[in-house]
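What follows is one structure encoded as structure tokens, with my remarks underneath.
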Ligand SMILES: [Zn+2]
């Protein structure tokens, strides 16, 4: 009898427990730091006619410890479970473009989880990733870095919520204005005294036979620049023809402009011998974008140009305007020159700067600036 009674009570408890679990609320577990981005996603969705009932459907959005190259992951469970790699999050949070990177990452995972979007690794006409849903299986051995900034953000958010969003105007934009700049520096390296030369522990550099050769002995990247009394806030055009001498096809060298005060702040446009171009800022995590450019010559001289008009930057490869984006960081300064990767030699045929505002070359008095150590670049994690 006693046993029967106990059994009855036990059954009742079991029954009540299962009855309660039937009406249990779905799990809603969102880390407070990540909730800001979830709310932002919901707001952006609402602006585009997409609404969600997460109270009803539940969601888990937390930090986790993911594999080394994985930034975030979405599990198609009930409810949707998203993990963001804590170490990656901490790393990107120190960079000048932290907000763009964090938003891009969380929105990508929510794109999987709440919009049921899968990876799409297509390109826009200018070579940019078409969608922030890029990821997963590697394509063209290309990094996942995406130029998700300033005016571009609205397109990528439109595309996130509606994959049929038309191609944005900036993906086909080229410079079509009239060229009005006048030369202020035309250095063909016959008599130039403005660049670092000599043999030190960090570099070996010389000007001979119309070429400037800079060998970076350090394993770290270096900025080799001239100081010109032309503020980077003004409009200008700079151009150089150079060759990267290095066994690695991934070595990046290119043009830069910016401010030499510590911490040195430069925007750069670099290339490599694998026919890739990169644009970015040295305070940002990695480059804004990596683009495949067939017009580049591997292991040979390339002519690289950069035109700044207001906040717009136009990029040129061997005479063709191949890309356009907007400055988002431009600490006004007066340095112009080259980025030279670690343990690499750059051979420069010429270097020119043209200006709209500075009309006379005689105004320009450059001084030799010692090479400046560059901070290492990073590749975005997969997601
Ligand atoms: Zn993904």
#### Entry: Relative exposure of 76, 156, judged by other C-beta atoms within 10 Å (fewest first)
76, 156
### Task
Please work out the C-alpha center-to-center distance from the range 247-287 to the range 27-71 and express it in whole Å.
33
### Message
Over all directions, how big on average is the projection of the convex hull of the alpha-carbon atoms in the range 244-372, in square nanometres?
### Response
8.3
### Query
Rg/Rh for the range 119-271: what does it come to with C-alpha atoms and Rh from Kirkwood?
1.03
#### Entry: For the range 170-260: rounded, prolate or oblate by the Cα gyration tensor [a/c cutoff 1.5]
prolate
### Within the chain, percent of DSSP bridges classed antiparallel, to nearest 5
90
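Report the extension gain between residue 202 and residue 261 in nm, rounded to one decimal, defined as 0.36 nm multiplied by the number of residues separating them, less their alpha carbon distance.
So the extension gain works out to 19.2 nm.
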### Message
How large is the convex hull of the C-alpha atoms of the range 28-171 per residue, in Å³?
### Response
115
### Where only alpha carbons of the chain are counted, the Rg and the Dmax (Å)
26.4, 111
### Query
What order do you get for 281, 119, 108 when you list them from fewest to most C-beta neighbours inside 10 Å?
119, 281, 108
### Query
Got a sec? How would 264, 179, 106 order by Cβ neighbour count within 10 Å, fewest to most?
179, 264, 106
### Query
Applying 1/(1 + (r/R0)^6) with R0 = 22 Å to the Cβ-Cβ distance of residue 120 and residue 172, what FRET efficiency is obtained, to the nearest 0.05?
0.70
### Task
Calculate, in nm to one decimal, what residue 27 and residue 86 gain on full extension: separation in residues at 0.36 nm each, minus their alpha carbon distance.
19.1 nm
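Every number in this text was worked out from the coordinates using simple rules, so none of it is lab data. Because the structure is a prediction, the values reported are computed rather than measured. FYI the Cβ positions are ideal-geometry reconstructions off the backbone, even for glycines, and counts take in every protein chain you see.
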